[in-house]
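Asker: After the structure tokens below, expect a handful of questions from me.
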Amino acid sequence: MPTLVAPPGWPAEVRPPDAPDWEATAASWLLDLCPPDFRGYPGLRKHVVVLARFAVLHVEAGQAAARRGLSEARSELRDVATPEVVEAAVQTWLIEDARLAGVRRAVGLVEEALRGRRFIARL
């Protein structure tokens, strides 16, 4: 029996590639990342690799929004919030940007696996 390998950054909610029902766990996780309306599209539910591509783009859009929010936070909020609140908003954007970077790596790995890539354990 082959060894099932999930690389660093693989989401804990998704079984490793080729494990029983791994694609079902991938689909469930991917749907959780996307807007709720995506659950209503039969094409996304039937074709998990297409769902993965949609999820990648959705996460990348979130990254772009976080970076924009970070770049505009001080100028856009200085007239409506105290300096402490503005700095807290900046810190929140930094945290969100870092979180989304991890999610983007994970969704990218899942997409690669759905497209047939398999990972090898390194010693």
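Asker: In square nanometres, what is the average projected area of the Cα convex hull of the range 1-62? Don't jump to the answer; show the numbers that get you there.
Answerer: Working: hull surface 18.7 nm².
If I average the Cα hull's projected area over directions, I get 4.7 nm².
Asker: Something else now. Which percent of the accessible heavy-atom area of the range 52-96 goes to carbon and sulfur, probe 1.4 angstrom? The partial results should precede the final answer.
Answerer: Details: 1790 of 2980 Å².
Here it works out to 60 percent.
Asker: Express the accessible area of the chain per residue in Å², computed with a 1.4 Å probe while the remaining protein chains stay in the model.
Answerer: I get 65 Å² per residue for the chain.
Asker: Rolling a 1.4 angstrom probe over the protein chains, ignoring ligands and nucleic acids, what is the accessible area of His47 in square angstrom, nearest 10?
Answerer: The accessible area of His47 comes to roughly 100 Å².
Asker: Going by accessible area, probe 1.4 Å, with all protein chains left in place, what is the ranking of Ile95, Ile120, largest first? List each step's numbers first, then the result.
Answerer: On the way: Ile95 115, Ile120 145 Å².
Descending order: Ile120, Ile95.
Asker: Which three extents, in whole angstrom, do the alpha-carbon atoms of the chain cover along their principal axes, largest first?
Answerer: Cα extents, longest axis first: 62, 41, 17 Å.
Asker: Now for a different question. What does the accessible area of Leu94 come to, in Å² to the nearest 10, when a probe of 1.4 Å is used?
Answerer: 80 Å²
Asker: Test of the criteria: in the range 21-123, which trypsin sites (Lys or Arg not before Pro) are in a DSSP loop and have at most 14 other Cβ atoms within 10 angstrom of their Cβ? If you can, show how the numbers build up before the last one.
Answerer: Working: sites: Arg39, Arg45, Lys46, Arg53, Arg67, Arg68, Arg74, Arg78, Arg99, Arg104, Arg105, Arg115, Arg117, Arg118, Arg122; in loops: Arg78, Arg115, Arg117, Arg118, Arg122.
Here the trypsin sites (Lys or Arg not before Pro) that fit, given the DSSP loop and packing criteria, are Arg78, Arg115, Arg117, Arg118, Arg122.
Asker: Applying the Karplus parametrisation 6.51 cos²θ - 1.76 cosθ + 1.60 with θ = phi - 60° to the phi angles of the range 33-39, what ³J(HN,Hα) value in whole Hz is obtained for each residue in order, glycine and proline being reported as x?
Answerer: Along the range 33-39, the couplings run 6, 8, x, x, 4, 4, 5 Hz.
Asker: With a 1.4 Å probe and every protein chain left in place, tell me how much accessible area Leu44 has, in Å² to the nearest 10.
Answerer: Solvent-accessible area, nearest 10 Å²: 10 Å².
Asker: Considering the chain as a Gaussian network with a 10 Å cut-off on Cα pairs, which listed residue, Gly108, Gly62, Gly43, attains the greatest mean-square fluctuation?
Answerer: Looking only at Gly108, Gly62, Gly43, the largest GNM fluctuation is found for Gly43.
Asker: Measure out, as a whole number of angstrom, how far apart the alpha-carbon centroids of the range 17-46 and the range 61-101 sit.
Answerer: 30 Å
Asker: Could you size up the charge dipole of the chain around its Cα centre, putting +1 on the beta carbon of Lys and Arg and -1 on that of Asp and Glu, and report it in debye to the nearest 20? Don't jump to the answer; show the numbers that get you there.
Answerer: Values: 16 positive and 16 negative charges, 111 e Å.
Computed about the Cα centre, the dipole is about 540 debye.
Asker: Could you put Leu57, Leu109 in order of accessible surface area, largest first, with the 1.4 Å probe and the full protein assembly present?
Answerer: On the way: Leu57 95, Leu109 10 Å².
Largest accessible area first, the list is Leu57, Leu109.
The values are calculated or read from the model by the stated rules, or taken from the named source; none is laboratory data. Please read all numbers here as calculations on a predicted model, not as lab measurements. Backbone-built Cβ (ideal geometry, glycine too); neighbour counts: all protein chains shown. In case anyone asks, the SASA skips ligands and DNA or RNA and just uses the protein heavy atoms, side chains included. Shrake-Rupley method; radii C 1.70, N 1.55, O 1.52, S 1.80 Å.
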